[in-house]
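To keep things clear, I will list the structure first and then write my remarks on it.
The values are calculated or read from the model by the stated rules, or taken from the named source; none is laboratory data. Note that the coordinates shown come from a computational prediction; the quantities given were computed from them, not determined experimentally. Cβ placement follows ideal geometry from the backbone for every residue including glycine, while neighbour counts extend to all protein chains displayed. Accessible surface is based on the protein model in full, side chains and every heavy atom, while ligands, DNA and RNA are left aside. Shrake-Rupley method; radii C 1.70, N 1.55, O 1.52, S 1.80 Å.
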Protein chains: 2
Amino acid sequence: MKLICNKADLLNGVNTVSKAVPNKTSMSILECILIDASSNEIKLIANDTELGIETTINGTIEEKGKIALDAKILTDYVRKLPDSQVSIECDSSLKTYIKCDKINFTLIGKPADEFTYLPKVEKLDSIVLSQFSLKEIIRQTIFSISDNDSNNKIMTGELFEVKGNNLRVISLDGHRVSIRKIELKNNYENKKVIVPGKTLNEIVKIIPGDTSKDVTIYFTGKHIMFEFERTIVVSRLIEGEYYNIDQMLSSDYETKIVVNKKELYDSIDRSMLLIKEGDKKPIIWNVTDNNVEVKINSIIGSLNEEIAIEKQGKDLMIGFNPKFLMDALRVIDDENISVYMVNPKAPCYIKNGEESYIYMVLPVNFTTVS
Amino acid sequence: MKLICNKADLLNGVNTVSKAVPNKTSMSILECILIDASSNEIKLIANDTELGIETTINGTIEEKGKIALDAKILTDYVRKLPDSQVSIECDSSLKTYIKCDKINFTLIGKPADEFTYLPKVEKLDSIVLSQFSLKEIIRQTIFSISDNDSNNKIMTGELFEVKGNNLRVISLDGHRVSIRKIELKNNYENKKVIVPGKTLNEIVKIIPGDTSKDVTIYFTGKHIMFEFERTIVVSRLIEGEYYNIDQMLSSDYETKIVVNKKELYDSIDRSMLLIKEGDKKPIIWNVTDNNVEVKINSIIGSLNEEIAIEKQGKDLMIGFNPKFLMDALRVIDDENISVYMVNPKAPCYIKNGEESYIYMVLPVNFTTVS
């Protein structure tokens with residue numbers, strides 16, 4: 001194999017596919033990027049068997065062939081090259097020469113036939129949305145998935161649900177639910193898949209996020225594939241039935257408050273100073289007519305503040321895990337938000353009128369502090 | 001005590017003095033910032049007994065007094081307050097109320113009389129230079145002090161040497177020496193002191209670094225004091241006799257090369273990819289008429305590159321710890337640099353014509369690679 005390309009194109013390509021290289025693995029071929037110049041295009045591929053990424057870069061193929069190279073060494077090395085032409089050449093003994101100006105780097109590759117290509121995904125069932133929308137909807141929900149240590153595999157992914165011209169993305173971890181809904185330009189057949197959180201975290205990093213450029217998402221029974229520009233990302237889906245979210249949601253409330261988001265956020269942020277990691281102390285809101293009084297008492301000191309609100313319904317005292325509230329507030333762009341509560345034990349909802357976002361947080365038991 | 005000040009002034013003050021709060025200490029009073037409003041000024045002071053910082057902030061004293069407050073809690077809390085007036089009030093039981101708008105924070109302070117004030121420094125012997133120059137001269141030398149675990153206390157500091165209208169700052173760690181020299185506006189009496197590296201690292205963080213604003217440095221037998229704007233930093237000096245650097249320096253050479261700094265830096269940077277942390281493999285330069293050939297061979301692969309140079313004197317093959325070269329190159333602003341070498345065992349010098357900088361690096365033994 002011998003190919004010539006630009007340093008910038010090559011770097012961009014290896015950075016993109018590197019996101020599918022596992023940090024820790026006992027299979028050294030998984031630590032590699034496959035450079036496949038066996039057809040008329042230069043393809044870079046990485047695949048950790050759950051998640052695979054393939055991208056095509058510009059360049060000239062002088063001799064067809066392919067080679068697998070250690071992803072970390074390749075990426076670090078290409079990053080440090082001058083902005084110039086790079087040639088990559090390998091011989092039958094897998095010895096690979098990467099040259100740029102007067103710089104010659106030699107390393108030993110791995111045989112391309114040990115490499116697992118991306119699964120073939122049939123392009124039958126798809127939706128289209130802007131890169132920006134996809135990035136946003138993931139960012140606005142991904143924080144409330146369960147981490148990978150979770151016993152419950154389904155909670156480590158997000159539900160992607162298409163109904164007509166709506167895409168709804170949902171995550172939950174047993175204490176809270178995050179729901180975002182956006183309108184698509186076209187109508188599609190209904191579908192529901194559970195996408196691994198890891199895949200979505202990597203997608204967010206490699207999609208440029210243009211509002212004017214689209215992503216096509218393809219669905220099969222076992223896989224989801226994201227296609228944008230010259231890159232495809234294929235991921236296994238999580239098998240199983242997702243929770244029936246609509247059954248959990250309720251629009252009944254006893255107390256509704258409208259509050260400035262930044263003031264509420266800053267108040268929770270301050271209260272977290274008094275809570276040491278892991279001591280699970282809730283913040284307590286005392287909701288009265290025009291005020292929420294926020295109270296917290298700890299060994300560090302005590303904090304007491306008032307936030308102006310507009311209230312409908314009953315007075316209420318309720319406790320929350322402050323982190324859960326902050327996670328939701330951080331991804332809401334509205335200046336003022338509405339919070340719907342029933343009683344100190346029932347779920348609380350932060351949502352807007354059109355329900356393009358719904359953040360449900362379970363309250364926490366508390367003992368009244370003086 | 002009761003005082004009122006701006007959040008921004010207070011934050012700036014606590015951030016500045018916090019640099020003298022030790023990370024780990026068994027004496028809880030050292031973790032505090034003293035707020036001293038016992039005279040007509042509001043002073044914030046922190047002191048870890050080696051290094052002390054005092055700054056004066058604007059504000060109104062409604063009732064004189066003083067209190068010591070936990071530095072970390074105070075800093076974090078003030079940072080999270082809205083931009084508004086802050087009042088700090090404490091009663092005789094040390095209960096301290098920090099109020100801002102409708103936010104009330106209560107914590108327990110420590111008695112001010114447990115706090116150790118900064119040592120009194122006589123303002124007899126001083127020099128003046130710009131904040132910018134002081135920051136630069138520290139940044140350009142501090143990397144080659146020995147770390148604090150070093151057995152040799154003297155190597156953990158920098159020599160500040162004043163001769164006439166010259167300030168020379170020197171650091172060394174047994175493998176290399178860094179020397180920077182600047183001209184001062186005035187002539188001063190000769191002096192030499194060894195300033196702890198920790199003090200200098202903190203000074204760099206808190207000096208704004210204006211070219212148009214000055215720092216006055218005061219010297220006594222045991223202390224050094226930096227005074228700028230409304231802040232003073234007092235540090236103990238390291239006792240002992242510094243190395244006789246001039247005896248170590250030599251201007252004899254057998255080989256001199258002039259090379260583009262960026263090209264040389266990038267080449268060393270690439271070569272470090274092939275060296276795993278701690279394996280102490282040198283990079284090898286083969287200096288010939290118009291080229292330095294850089295060679296490195298490791299289990300990862302091999303790298304070979306050529307850098308254009310202008311050479312005077314003999315050909316030479318010499319090995320270096322690449323990190324030491326990079327540290328020096330990083331703080332040299334010249335486009336082209338001169339490197340003076342004698343033989344593979346003698347010190348190598350990177351310096352400019354007027355010797356405003358001299359970086360000496362000892363070479364490393366190497367076995368010739370094919």
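When only Cα pairs below 8 angstrom with a gap of at least 6 residues are kept, chain B shows a relative contact order of 13 percent. Neighbouring Cβ atoms from other chains, within 10 Å of the Cβ of residues in B:260-270, number 2 on average.
What separates the residue B:252 label point from its copies, with the point 7 Å along Cα to Cβ, is 9.7 nm, written shortest first.
Using the beta-carbon distance between residue A:97 and residue A:152 and R0 = 51 Å, what value does 1/(1 + (r/R0)^6) give for FRET efficiency, to the nearest 0.05? Walk me through the numbers before you get to the answer.
Working: r = 49 Å, r/R0 = 0.96.
Efficiency computed from Cβ-Cβ geometry: 0.55.
Here residue B:108 and residue A:192 are evaluated by their C-beta separation; at R0 = 51 Å the FRET efficiency comes out at 0.40.
Give me the residues in segment A:95-126 whose solvent-accessible area, probe 1.4 Å, is reduced by at least 20 Å² once all protein chains are included instead of the chain isolated. Residues meeting the cut-off: A:102, A:103, A:104, A:105, A:106. Residue separation of residue B:183 and residue B:60 scaled by 0.36 nm, minus their Cα-Cα distance, works out to 40.1 nm of gained length. Per-residue Karplus couplings for segment B:216-223, computed as 6.51 cos²θ - 1.76 cosθ + 1.60 with θ equal to phi - 60°, are listed in order as 9, 10, 9, 10, 10, x, 10, 10 Hz, Gly and Pro entered as x.
For residue B:149, inter-copy separations between label points set 7 Å beyond Cα along the Cβ vector come to 2.9 nm, shortest first.
Each copy carries a label point for residue B:97 at 7 Å from Cα toward Cβ; from one copy, the others' points are 8.1 nm away, ordered from shortest. Listed values for segment A:118-129 are Karplus-derived 3J(HN,Hα) couplings in whole Hz (6.51 cos²θ - 1.76 cosθ + 1.60, θ = phi - 60°), namely 5, x, 6, 10, 5, 8, 9, 10, 8, 10, 10, 8, and x replaces Gly and Pro.
Within the accessible surface of segment A:65-108, defined with a 1.4 Å probe on protein heavy atoms only, the carbon and sulfur portion equals 51 percent. Nearest 100 Å², what total accessible surface is buried between chain B and chain A (probe 1.4 Å)? When B and A are taken together, about 2200 Å² of accessible area is lost. One Cα centroid belongs to segment A:17-42, the other to segment A:262-305; the line between them spans 48 Å. Applied to segment B:201-213, the Karplus parametrisation 6.51 cos²θ - 1.76 cosθ + 1.60 on θ = phi - 60° returns per-residue 3J(HN,Hα) values of 4, 6, 3, 4, 6, 9, 6, x, x, 4, 6, 9, 10 Hz, with x for Gly and Pro.
Surface composition of segment B:135-286: carbon plus sulfur atoms contribute 43% of the solvent-accessible area (1.4 Å probe, protein chains only, all chains present). Heavy-atom accessible surface of chain B, averaged per residue, reaches 46 Å², computed with a 1.4 Å probe. Straight-line cross-link partners of residue A:185 among the lysines, defined as a Cα under 20 Å from its Cα and at least 8 positions apart when in the same chain: A:123, A:135, A:163, A:213. With a simple spin-label model that places each label point 7 Å from the Cα along the Cα-to-Cβ direction, the separation between residue A:126 and residue A:27 comes to 2.8 nm.
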